Amino acid sequence: MKQWSGFTLALTMVATAASSDEVSLDTEHQTLRLVPMAEGFEEPRGLAALPGELFLVSERTGQIQAFYNDEQQRVEGLPGIQEESQGGLLDIAASPDHPDSGWLYFTYSSGDEESTATALARGRLAGDQLVDVEELFEENRRSAPRDHSGSRLAWMDDDTLLMSVGDRGEPERAQDTNDHAGSILRLTPQGLAPEDNPRFEDVGYLPEIYSWGHGHVLGLAVDGDSGDVWAVESRGNGYDELLLIRAGENHGWPEGDDSEATVGADFLDDLASGELFTEEDVIQPAYRFPSDVAPSGLAVVSGEAYPEWQGDLLVGGLESEQLYRFELSGTEVTGVEELLDQSLGPVRDVRQAADGYLYVLVGDGNGMLYRLEPEE
């Protein structure tokens, strides 16, 4: 390996067989295996692991696929979703009180062929239907469908919801705090801005903003023990990053060494003159990848299945088609391990479920769901 410093699903299901072979991982601390669980996902984007070993996979093309007990079923009832460019159905997550409330939250591109916005909605699963669907939030500025819609969801321990919104292919928007693009937002379960948000009362800031200066955050996780918020983002400039998110702070995208073709000469002039921010204003990354990996998916590891990985981070790569384990000492990255000796395809999402196992969603046209288990 390369080193760098409870409810029952009431569905009539269609049987599915995960035909790919298991993949053995001889990692630094233990031998693991990636066990195929399900296949056939069309452009998968997000994974929600629900109680009772029910898994929901969001597909960019506008479907949710439910997987339970080796069987798979499409869920109907989603709102209108615009699937242009990188937009479409994005992330999916169950609410912390899901066993009682049944709420499922999902992000998607709302709008039409002319203009879209990244939006948040929720609904309840009833058989093979999503019911009680309601849109909770939409970013404040629609724009032409293009890359970097986002989005990722992560719950904080106070039951507020973090939601990332990409820069929509216009990097300068990430420095406009009157624009939701290029930000991580913090919302109530009803999609509103909590009054204790870090910039809630500050002039010139949208009240939902938790942090800004982001390119395309496709991995977002909260450490359940420390409360630390971690994110990985693709910046498209050769400097993809792992970030320890600081509430109410600027995380620097786009940076001053980007080319004019990326961000525009006028914006760079403002940046160079200090009219936008100075280096001292920017939160530096916890880790900067040495090459473009397009990180996607992020989990804080816990549980008995991975005794030597407690508190570490597991991150996927879209372009690199790799899994990375970040070893931490507190919040400092002390090592990075590449786990895969062979490509499985672009890694879309990494989540840890209530059963204690890590799950990895991989692929594009024929996506696969794997479970990471100790080798017996």
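The values are calculated or read from the model by the stated rules, or taken from the named source; none is laboratory data. As the structure is a prediction and not an experimental result, all values here were calculated from the model. Cβ: placed from backbone, ideal geometry, glycine included. Neighbour counts: every protein chain shown.
Here are a few things to note about the model shown:
- Region 115-153 - residue that is surrounded by fewer than 22 Cβ atoms within 10 Å (Cβ to Cβ) and within 17 Å of the chain's Cα centre (by Cα) and, of those, modelled with the highest pLDDT: Ala121
- Per the conditions (1) within 24 Å of Ile184 (Cβ to Cβ); (2) at pLDDT 95 or above; (3) not basic (Lys, Arg), the sole criterion not satisfied by Gly111 is (2).
- Selection count, region 155-178, where residues are surrounded by 24 or more Cβ atoms within 10 Å (Cβ to Cβ) and part of a strand (DSSP E or B): 4
- Residues that are surrounded by fewer than 21 Cβ atoms within 10 Å (Cβ to Cβ), out of contact with any Asp or Glu (no Cβ under 6 Å at 6 or more places or on another chain) and either closer than 15 Å to Arg348 by Cβ or among the small types (Gly, Ala, Ser) (or both), drawn from region 321-333: Glu321, Ser329, Gly330
- Within region 341-359, residues that are more than 12 Å from Pro44 (Cβ to Cβ) have Cβ atoms under 9 Å from residues that are among the acidic types (Asp, Glu) and in a loop (DSSP other than H, G, I, E, B) in these pairs: Ser343/Glu321; Leu344/Glu321; Ala353/Glu53; Ala354/Glu53; Asp355/Glu53; Gly356/Glu304, counting only partners at least 6 apart in sequence or on another chain.
Each row is one residue, and each column tells you yes or no for (1) in contact with a helix residue (DSSP H, G or I) (Cβ under 6 Å, 6 or more places away or on another chain); (2) farther than 24 Å from Trp212 by Cβ; (3) part of a strand (DSSP E or B).
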site	(1), (2), (3)
Ser291	no, yes, no
Ser296	no, no, yes
Glu304	no, yes, no
Gly311	no, yes, no
Leu314	no, yes, yes
Glu319	no, yes, no
Tyr324	no, yes, yes
Leu328	no, yes, yes
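Residue-by-condition table, conditions (1) assigned to a strand (DSSP E or B); (2) surrounded by fewer than 20 Cβ atoms within 10 Å (Cβ to Cβ):
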| residue | (1), (2) |
| --- | --- |
| His29 | no, yes |
| Leu32 | yes, no |
| Gly46 | yes, no |
| Phe67 | yes, no |
| Gln73 | yes, yes |
| Asp100 | no, yes |
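- Count of region 119-150 residues which are in contact with a Gly (Cβ under 7 Å, 6 or more places away or on another chain) and part of a loop (DSSP other than H, G, I, E, B): 7
- Pair list, Cβ < 6 Å and 6+ apart or interchain, from region 52-78 residues that are among the aromatic types (Phe, Trp, Tyr) to residues that are surrounded by 18 or more Cβ atoms within 10 Å (Cβ to Cβ) and in a loop (DSSP other than H, G, I, E, B): Tyr68/Leu9
- Candidate set from region 334-376 (those that are acidic (Asp, Glu) and in a loop (DSSP other than H, G, I, E, B)); member that is surrounded by the fewest Cβ atoms within 10 Å (Cβ to Cβ): Glu376
- Flag set for Arg325, criterion: modelled with pLDDT of 95 or more and closer than 20 Å to Ser291 by Cα.
- Odd one out for Glu83, checked against (1) surrounded by 17 or more Cβ atoms within 10 Å (Cβ to Cβ); (2) modelled with pLDDT of 95 or more: (2)
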